[in-house]
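K.L.:
One structure coming up, written as structure tokens, with questions to follow.
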Amino acid sequence: MYLRGWKTFLTESEEFFCVYGGAYDFPAVLYFFYSLEEAKKTFFRLLFPGICSGKKREGGDSMKKGRFGLHGGQYIPEILMNAVIELEKAYEHFREDPEFVKELETLLHEYAGRPSRLYFAEKLTRTLGGAKIYLKREDLNHTGSHKINNVLGQALLAKKMGKKRLIAETGAGQHGVATATAAALMGMECLVFMGEEDTRRQALNVYRMKLLGAEVVSVKTGTATLKDAVSEAMREWSSRISDTHYCLGSVMGPHPFPGIVGDLQAVISKEIKEQLLEKEGRLPDAVIACVGGGSNAIGSFRHFLADPQVRLIGCEAAGRGIDSFETAATVNTGKIGIFHGMKSYFCQDEYGQIAPVYSISAGLDYPGIGPEHAQLHDIGRAEYVPVTDEEAVNAFEFLSKTEGIIPAIESAHAVAYAVKLASSMEKEKLIVVTISGRGDKDCAAIAKYRGEEIHE
Amino acid sequence: MSNLRKAFEKGKAFIPFITCGDPDLETTGKIVREAVKNGADLIELGIPFSDPTAEGPVIQSANARALAGGATTDKIFDLVRELRKELTIPLVFMTYANVVFSYDSERFIRTCAEIGIDGLVIPDLPFEERDEFLPICRKYRVALISMVTPASSGRIAMIAREAEGFLYVVSCLGLTETRDGISTDLASIVRAVREVSDVPCAVRLESSTFEEAEMAAHEADGVIAGSPLVKLIEHYGANAVVPVGELIQRMKNVIR
């Protein structure tokens, strides 16, 4: 059982490594090791009692399958249980299958263009006069965002499972475009659910999906945004399981999705680590990524979780501010709940009704957060900070003018916080910011935000 | 014998499903009384949720109408408290896990017991996660109702063996009410249940045809009618009391 306020530490002295955990600075468990590898294993085990093995654990109610501390789980209708069990078995099998691993690596390399660049933003760094800023350029991937990393893995898995049809939800349209792309490549049918509100603010991506051969369903129920698209995709999956794979786009939903998507996105931090060690010979002091459901953030954090000296910072969409009702900052304003298959933090009212959240960014406009993030927050391993629409739009413009890189409005939330943080840090410090996607899709909406209408 | 089992003692049980607060709580109260008069054996009361992911469009709209009309968990508890003064019919709540969890699970289930709710149906709580509420339900003797579906192959025995109160059978693949007709394998689902348990099986109807009700009642111990009644409420609003009562009476006669 993990309590709020519980923290886990790994420290190093001249003779040994020490791993300890506890709440309120009182070490409840304490281990000593002579090897760093062994220490890291234990650190991980304490940090993630649920995910190190997908196996069902004995004991208390918070130790079930797919748990991240007390978060996660499989809170879905009975009708979907066999589908997620089938998916879990297939994933456990194929992730160890050398042929599958090789096929996926080839796709990521040849088709998606990995590894993505780790770019030293020299001009940005000089302008701010603080820490050195590196940008992890996920925007340079095929389809223009990190979403392709997850989608290629899941589409390949679905194909191996004999599925002929991919369905997906999408907010900004990046995940929908990536799914439509993978479906086109692998000769599969594709159906994408998108909130009606989002089809308006991301019209370009709707056209891209159709061009790629996908059918786009405009979801009009509820708030007509990302959460309703997820609900509708779950309903569709319930009515047609045998030939259909639900290609979920973030580290959320029922087990095994948060684990699968996190594993597939972990390539981001694996590369950051290698690339930065090559360029700087050391680890970064901070890694910053935007968080909606949280897939690019988990991807950026995963390989640094056992390096406690690296600050991990997730930037939530605060919309018009965390004191207003128009916000999507889940960790900062939500409370623990059960929704969309998982226990985690959600924006909700006193009776558990899910709140109609708001952000300028369609990709971060979601009332929940992935369970692994909820756990990282609980144990204090990652920080979650709110960034407003205005700050994100400023960063969107600032990065475009300083570096000639137009970030997605989602990624601009991370840039905004990096700008603040870098200026307050010493020059020898290193910050990595994940640019999760490119901003072409956002130009019309940002122009409108600034009072300018663009007609194509 | 539990109050729930009594519903299945006098032949096939008819179980209307009503979303509380659609269009307002006063009408819900009247519909419940009318349902009892017209032969309902057990009533499933829905507590509305903003995002009912296991429901099709008809019941989604009912949830939205109820929330827009100001229905809350506390007001629904008050309604049941009032109804219990005059009614002995078994009552179960149907709602989503977050409605229970956010109220504080223990406080929610304790209140259910206090006001005379006999069971809980939670569509987003599969067998694997039932420990979330089961220990508390046992403590307060509120039955946690299990569900099986045509997509539950290989799981029916496991679920039926531990089922409490009655077993809720979702009759066709897909969400409630979006598909027409009854699933052909209802008989085999009920057979699989019977091999391990004598728990009564109640089948959720998906259409308002009397043939479907009759066929379901032939295989199972009871039928649950949701969307046929909700459609009437959608159409007649506060004037739905009489037509809903009439439909209940006709369906009860068909399955008898």
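K.L.:
Restricting the first residue to the range A:74-97 and requiring it to be more than 7 Å from chain B (Cβ to nearest Cβ), which pairs with a second residue that is acidic (Asp, Glu) and in a helix (DSSP H, G or I) meet a Cβ separation below 8 Å and a spacing of at least six or different chains?
P.N.:
From the range A:74-97, the pairs are A:Arg95/A:Asp263.
K.L.:
B:Ile115 is checked against (1) more than 30 Å from B:Leu186 (Cα to Cα); (2) free of Cβ contacts under 8 Å to residues at least 12 places away in the same chain; (3) more than 10 Å from chain A (Cβ to nearest Cβ) and fails just one. What number does that condition carry?
P.N.:
(2)
K.L.:
Here is a follow-up. Cβ-Cβ under 8 Å, sequence separation 6+ or interchain: first residue in the range B:146-159 and over 10 Å from B:Ala192 (Cβ atoms) and within 7 Å of chain A (Cβ to nearest Cβ), partner modelled with pLDDT under 90 and open to solvent by 20 Å² or more (accessible area, probe 1.4 Å). Which pairs?
P.N.:
Sorted first by the residue in the range B:146-159, then by its partner, the pairs are B:Thr149/B:Leu173; B:Ala151/A:Ile241; B:Ala151/B:Leu173.
K.L.:
Looking only at the range A:309-327, which residues are part of a loop (DSSP other than H, G, I, E, B) and either within 14 Å of chain B (Cβ to nearest Cβ) or in contact with a Phe, Trp or Tyr (Cβ under 6 Å, 6 or more places away or on another chain) (or both)? Working first, answer last.
P.N.:
Going through the range A:309-327, the residues part of a loop (DSSP other than H, G, I, E, B) turn out to be A:309-310, A:320-327.
Residues satisfying the conditions are A:Val310, A:Glu326.
K.L.:
Restricting to the range B:52-63, what's the tally of residues that are facing chain A (nearest Cβ under 9 Å) and either farther than 12 Å from B:Pro123 by Cα or without any contact (Cβ under 8 Å) to a residue 24 or more places away in the chain (or both)? Before you say what the answer is, go through the steps one by one.
P.N.:
Kept after step one, since they are facing chain A (nearest Cβ under 9 Å), are these residues of the range B:52-63: B:52-57, B:60-61.
With either farther than 12 Å from B:Pro123 by Cα or without any contact (Cβ under 8 Å) to a residue 24 or more places away in the chain (or both) added as a condition, the list becomes B:56-57, B:60-61.
Adding up the residues that qualify gives 4.
K.L.:
Can you name every residue in the range A:328-344 that is of a type in the set (A, V, I, L, M) and more than 12 Å from every other protein chain (Cβ to nearest Cβ)? So that I can check it myself, show each step before the final result.
P.N.:
We begin by selecting, within the range A:328-344, every residue of a type in the set (A, V, I, L, M); these are A:328-329, A:331, A:336, A:338, A:342.
Hits for the range A:328-344 are A:Ala328, A:Ala329, A:Val331.
K.L.:
For the range A:406-439, give me each residue that is open to solvent by less than 10 Å² (accessible area, probe 1.4 Å) and more than 21 Å from the chain's Cα centre (by Cα).
P.N.:
Those that are open to solvent by less than 10 Å² (accessible area, probe 1.4 Å) and more than 21 Å from the chain's Cα centre (by Cα): A:Ala422, A:Leu430.
K.L.:
Can we say B:Arg179 is open to solvent by 40 Å² or more (accessible area, probe 1.4 Å), among the basic types (Lys, Arg) and modelled with pLDDT under 90? Don't jump to the end; show me each part of the working.
P.N.:
On the way: open to solvent by 40 Å² or more (accessible area, probe 1.4 Å): yes; among the basic types (Lys, Arg): yes; modelled with pLDDT under 90: yes.
The answer is yes for B:Arg179.
Yes/no matrix, rows are residues, columns are (1) open to solvent by 60 Å² or more (accessible area, probe 1.4 Å); (2) within 26 Å of A:Ala289 (Cβ to Cβ); (3) assigned by TED's automatic domain parsing to the domain that holds A:Tyr366; (4) modelled with pLDDT of 95 or more:
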residue: A:Asp97; (1), (2), (3), (4): no, no, no, yes
residue: A:Val101; (1), (2), (3), (4): no, yes, no, yes
residue: A:Leu104; (1), (2), (3), (4): no, yes, no, yes
residue: A:Glu122; (1), (2), (3), (4): yes, yes, yes, yes
residue: A:Arg137; (1), (2), (3), (4): no, yes, yes, yes
residue: A:Ala155; (1), (2), (3), (4): no, yes, no, yes
residue: A:Ala158; (1), (2), (3), (4): no, no, no, yes
residue: A:Leu166; (1), (2), (3), (4): no, yes, no, yes
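K.L.:
Let me ask something else. I need the helices (runs of 4 or more DSSP H) fully contained in the range B:1-104, keeping only those with at least 2 residues that are over 23 Å from B:Val142 (Cα atoms). Lay out the reasoning, then the answer.
P.N.:
Numbers: elements: B:3-6, B:25-37, B:57-68, B:73-84, B:97-102.
Hits in the range B:1-104: B:25-37, B:57-68.
K.L.:
May I pose another question? Test each condition in (1) crowded, with 24+ Cβ neighbours inside 10 Å; (2) touching a strand residue (DSSP E or B) at 6+ places or on another chain (Cβ under 7 Å); (3) assigned by TED's automatic domain parsing to the domain that holds A:Ala414 for A:Ser295 and report the one that comes out false.
P.N.:
(2)
K.L.:
Based on what the data block shows, is A:Glu58 open to solvent by 10 Å² or more (accessible area, probe 1.4 Å) and at pLDDT 90 or above?
P.N.:
Working: open to solvent by 10 Å² or more (accessible area, probe 1.4 Å): yes; at pLDDT 90 or above: no.
Judged against the criteria, A:Glu58 is not a match.
K.L.:
Within the range A:106-120, count every residue that is open to solvent by 20 Å² or more (accessible area, probe 1.4 Å) and in contact with a Phe, Trp or Tyr (Cβ under 9 Å, 6 or more places away or on another chain).
P.N.:
2
K.L.:
Could you check how many residues of the range A:345-366 are buried (at least 24 other Cβ atoms within 10 Å of the Cβ), more than 8 Å from chain B (Cβ to nearest Cβ) and modelled with pLDDT of 95 or more?
P.N.:
Residues that pass the stated criteria total 2.
K.L.:
Do you know which residues across the range A:183-242 are more than 13 Å from chain B (Cβ to nearest Cβ), closer than 15 Å to A:Lys164 by Cα and part of a helix (DSSP H, G or I)?
P.N.:
The answer is A:Ala183, A:Ala184, A:Leu185, A:Met186.
K.L.:
Which helices (runs of 4 or more DSSP H) does the range B:204-256 wholly contain that include 2 or more residues that are out of contact with any helix residue (DSSP H, G or I) (no Cβ under 6 Å at 6 or more places or on another chain) and farther than 15 Å from B:Ala40 by Cα? Spell out how you get there, then give the answer.
P.N.:
Values: elements: B:210-219, B:227-236, B:241-255.
Those helices (runs of 4 or more DSSP H) span B:210-219, B:227-236.
K.L.:
Which one of these is acidic (Asp, Glu), under 17 Å from the mean Cα position of the chain (by Cα) and crowded, with 20+ Cβ neighbours inside 10 Å: B:Asp51, B:Asp22?
P.N.:
Values: B:Asp51 fails: under 17 Å from the mean Cα position of the chain (by Cα).
From the options B:Asp51, B:Asp22, the qualifying one is B:Asp22.
K.L.:
List every residue pair whose Cβ atoms lie under 6 Å apart, where the two residues are 6 or more positions apart in sequence or sit on different chains, the first residue falls within the range A:381-405 and is over 13 Å from A:Ile360 (Cα atoms), and the second residue, located anywhere, is modelled with pLDDT under 95 and assigned to a helix (DSSP H, G or I).
P.N.:
Qualifying pairs under 6 Å: A:Tyr384/A:Val331; A:Pro386/A:Asn332.
K.L.:
Determine whether the range A:200-208 contains at least one residue that is polar (S, T, N, Q), crowded, with 21+ Cβ neighbours inside 10 Å and under 19 Å from the mean Cα position of the chain (by Cα). If you could, list the steps in order and put the result at the bottom.
P.N.:
So the first thing to find is which residues in the range A:200-208 are polar (S, T, N, Q), and the list is A:202, A:205.
When the remaining residues are screened for being crowded, with 21+ Cβ neighbours inside 10 Å, the result is A:202, A:205.
Keeping just the survivors that are under 19 Å from the mean Cα position of the chain (by Cα) gives none.
No.
K.L.:
Quick one: in the range B:64-102, which of the residues that are under 21 Å from A:Gly222 (Cβ atoms), hydroxyl-bearing (Ser, Thr, Tyr) and open to solvent by 10 Å² or more (accessible area, probe 1.4 Å) is nearest to the other protein chains (Cβ to nearest Cβ)?
P.N.:
B:Ser102
K.L.:
Now for a separate question. Are any residues in the range A:244-292 within 23 Å of A:Tyr358 (Cα to Cα) and not assigned by TED's automatic domain parsing to the domain that holds A:Ala180, and if so, which ones? Please lay out each step first, then the result.
P.N.:
Narrowing the range A:244-292 to residues within 23 Å of A:Tyr358 (Cα to Cα): A:248-253, A:288-292.
Correct list: A:Ile288, A:Ala289, A:Cys290, A:Val291, A:Gly292.
K.L.:
How many of the residues making up the range B:118-150 are open to solvent by less than 20 Å² (accessible area, probe 1.4 Å), farther than 12 Å from B:Ala97 by Cα and part of a loop (DSSP other than H, G, I, E, B)?
P.N.:
Final tally of qualifying residues: 2.
K.L.:
Now for a separate question. When you check A:Gly370 against the structure, is it open to solvent by less than 10 Å² (accessible area, probe 1.4 Å), under 22 Å from A:Ala229 (Cβ atoms) and out of contact with any Gly (no Cβ under 9 Å at 6 or more places or on another chain), yes or no?
P.N.:
Details: open to solvent by less than 10 Å² (accessible area, probe 1.4 Å): yes; under 22 Å from A:Ala229 (Cβ atoms): yes; out of contact with any Gly (no Cβ under 9 Å at 6 or more places or on another chain): no.
The answer is no for A:Gly370.
The values are calculated or read from the model by the stated rules, or taken from the named source; none is laboratory data. Owing to the predicted nature of the structure, the values given are computational and were not obtained by experimental measurement. In this analysis, Cβ positions are derived from the backbone assuming ideal geometry, glycine residues included, and neighbour counts consider all displayed protein chains. Calculation scope for accessible area: heavy atoms of the full protein, side chains included, ligands and nucleic acids excluded. Shrake-Rupley method; radii C 1.70, N 1.55, O 1.52, S 1.80 Å.
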